[in-house]
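Participant: Shown below is the structure under consideration.
Just so you know, all these numbers are worked out from the coordinates, no wet-lab data involved. Here the structure is a predicted model, which means the values were calculated and not measured. Positions of Cβ are generated from backbone atoms using ideal geometry, with glycine treated the same way; all protein chains shown enter the neighbour counts.
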Amino acid sequence: MRQAARGIVILIIAAITACANVPRGVEWRADQSCQMLFVDAKSYSVTLEGLPGFIEPLISYAAHQSLQKKGLALATNDEPADLQAHLKFELVSLNKTDTRNDLDEVWMPGLVSRFNALVWVEVMNRRQEVIWSGVVNRSHAIMGDETFHTDRAAIFLQLAFDSLFENLLTPCSEIH
């Protein structure tokens, strides 16, 4: 009986540990899954606002790769971009204590820091009219001494931006 109970406890601990170590994906939502105003776009530019330094290169790279997969070329200084993608970072704290700094980093080790990291995306045409918008969202629950895993994040960010921009160049009139 004791060995059976010990076996059950070991299985429960293994299941909990496995669930805790499985990386979660990045959620995304598009306000419009198509272009609100038709644009015959061939080039793009990206501006970033408020992204923390450690994640900025990954988000920038994912956005550029996704836009290039859509057949768009990065605009040069000679010609303005047909589309301007503006990415703005927002951190929404889910904590109930005041033991964090502006980046929601834990000041006291051992506490769990809970927050949502949001990247709001607006795509504008040359006249600065918003033709498309969406958001990439990632919920976090991080212990005070954990580090950011950029290798896993890069994969999930790329998948999220690819999905987010899936119908970027499709006019709403063509979606049935």
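Participant: By count of other Cβ within 10 Å, fewest leading, how are TRP132, TRP120 ordered? It would help to have the intermediate numbers written out before the result.
Facilitator: Details: TRP132 27, TRP120 17.
Fewest to most other Cβ atoms nearby, the residues stand as TRP120, TRP132.
Participant: With Cβ to Cβ distances under 13 Å as the rule, what net charge do the other residues near SER66 carry (K, R +1; D, E -1)? Walk me through the numbers on the way to the answer.
Facilitator: Numbers: positive: LYS69, LYS70; negative: ASP162, GLU166.
Net local charge, SER66 excluded: 0.
Participant: So how do VAL130, VAL135 line up by other beta-carbon neighbours within 10 Å, fewest first? The partial results should precede the final answer.
Facilitator: Numbers: VAL130 14, VAL135 19.
By the 10 Å Cβ count, ascending: VAL130, VAL135.
Participant: Along Cα→Cβ, 7 Å out, is where each label goes; now give me the distance between the ones at GLU166 and GLN128 in nm to one decimal.
Facilitator: It is 3.3 nm.
Participant: A further question follows. Would you mind ranking ARG138, ARG127, ARG114 so that the residue whose beta carbon has the fewest other beta carbons within 10 Å leads the list?
Facilitator: If I rank by nearby Cβ atoms, fewest first, I get ARG127, ARG114, ARG138.
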